[in-house]
Amino acid sequence: MSTACGPDAEAVTRGLGFDCHDVSPVASVRFPWDLAHWTMPLLELLVVAGAVFALVHAVRRYRAGDPVNLALWWASLVYLFVTEPPLYFPEWFGLDKLYGFIFAHNEFTVQFMADRLPLYIVAFYPAFSQLAYEVVRALGIFRGRGPLAGSVAVAFVCQVFYEVFDQLGPRLKWWAWNPGNRIVNHPALASVPMTSMLLFASVSFGALTYLVVRLAGGPRRGWSLAWRTVVAGVLAPPAMAVAGIPSSLFDGNAGAQAWILGAELALVWVAGAWLIATSRADRPPASAFARVYPAAYLGGLAVFWLAADGGGPAGSVLYVLACFAAAGLVLVALYRNERAPVPG
């Protein structure tokens, strides 16, 4: 038995329908019609297309003199490769006793790192970071209230758009959490660890956006932009650790941790919703990416939820409905402001 496929990993992957001993160490490719659920290739298409769309948009912004989108696109990948390998293989980094085995992805069309990292997850980081940033930028929050307020709004947009995906994944067996991991995966809201909901789905992307805007904003090119992009991606994970300190003080008391994480999530909701609701009317024109992709993403996830017939653990339907409603109101604010006349 390899160290990368211990008893916990073996149990989780067999629950998903495959054996973690029988994987390709570097990369593997499958036919889309051979995947475990029909939503999986459609999810891949939705996310990979979004990443490509985001890159095209970022290059256009860069050529127009704004490097932030392009820096954020690449910083998201730096952040990915800093955070994901320790999550998949904690024993490689001496973290197995600290974190243990956390989760496993199912087998998708293209997979890397002993089938632990699907291509669509690689694409998800830049696609999703651009989705949230472009929505908030189009609402004029960065222009009117600065990088910090804009990044808080990004954290809120990430929360409501991401959780409609995060609460669905285990149900359709896109991935599975290790239920035996009491260190990281508890407390949970239904099937989703609350640390993931707060630290990954909001704090990390908000911090990453703030770092990119502060470090890479302005007329930057070449190596100056490159190293700032890398630094932003590397510094984003420590922000998650800082936000996780309050709940970690009550390690072993899942009830207290749940209340603290819930309070922090509530702060994200209240602050972000207020910023969105009071966004300025004199905002920049919304890009084609902002007008099209967030709605396409939300619509695609709505279809997947309506067709959710998987056998995995269900997420919190009430929380998902709240996220769908909030995400829909964000889009309403975006399209309403798009039609509003710009003063002067």
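Here are the numbers:
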quantity	calculated
Probe 1.4 Å - accessible area at residue 265, Å² to nearest ten	10
Ellipsoid semi-axes in whole angstrom, largest first, where each is sqrt(5λ) of the Cα gyration tensor of segment 76-195	28, 16, 15
Amide H contacts under 5 Å for residue 115, placed H, 5+ residues apart	24
Global form of segment 126-189, assessed from the alpha-carbon gyration tensor, a/c cut-off 1.5	prolate
Crossing angle, helix 141-166 versus the chain [Cα axis fit, 0-90 degrees, rounded to tens]	30
Two-decimal ratio, segment 1-114, of alpha-carbon radius of gyration to 2.2 N^0.38 Å	1.30
Angle between the chain longest axis and helix 222-243 axis [Cα atoms, degrees, rounded to 10]	60
Answer label for volume of the Cα convex hull per residue in Å³ (calculated), chosen among (1) 319; (2) 130; (3) 182	(2)
Degrees separating the helix 68-88 axis from the principal Cα axis of the chain, which is the longest one	20
Unpartnered cysteines - no second Cys beta carbon under 4.7 Å - across the chain	158, 323
For segment 192-220 and segment 22-90, distance of Cα centres in Å	17
Relative contact order computed over the chain (Cα-Cα under 8 Å; 6+ residues apart), in percent	24
For residue 189, distant residues with modelled amide H under 5 Å away	194
Apportionment of accessible area to carbon and sulfur, segment 210-303, percent (1.4 Å)	74
Surface/4 estimate of mean projected area, convex hull on alpha-carbon atoms of segment 229-344, nm²	11.0
Three-way shape label, segment 1-43, alpha-carbon gyration tensor, a/c 1.5	oblate
Probe 1.4 Å, protein heavy atoms only - accessible area per residue of the chain in square angstrom	42
Hz values of 3J(HN,Hα) by residue in segment 258-270 - Karplus curve (6.51, -1.76, 1.60), Gly and Pro given as x	4, 5, 5, 5, x, 5, 5, 4, 4, 5, 4, 4, 5
Overall form of segment 209-294 per C-alpha gyration tensor (a/c, 1.5; a/b vs b/c)	oblate
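The values are calculated or read from the model by the stated rules, or taken from the named source; none is laboratory data. The structure displayed is predicted, hence computed values, not measured ones. Counting neighbours? That spans all protein chains shown, and the Cβs are built from the backbone with ideal geometry, glycine included. Heads up: the accessible areas ignore ligands, DNA and RNA and are worked out on the full protein's heavy atoms, side chains in. Shrake-Rupley method; radii C 1.70, N 1.55, O 1.52, S 1.80 Å.
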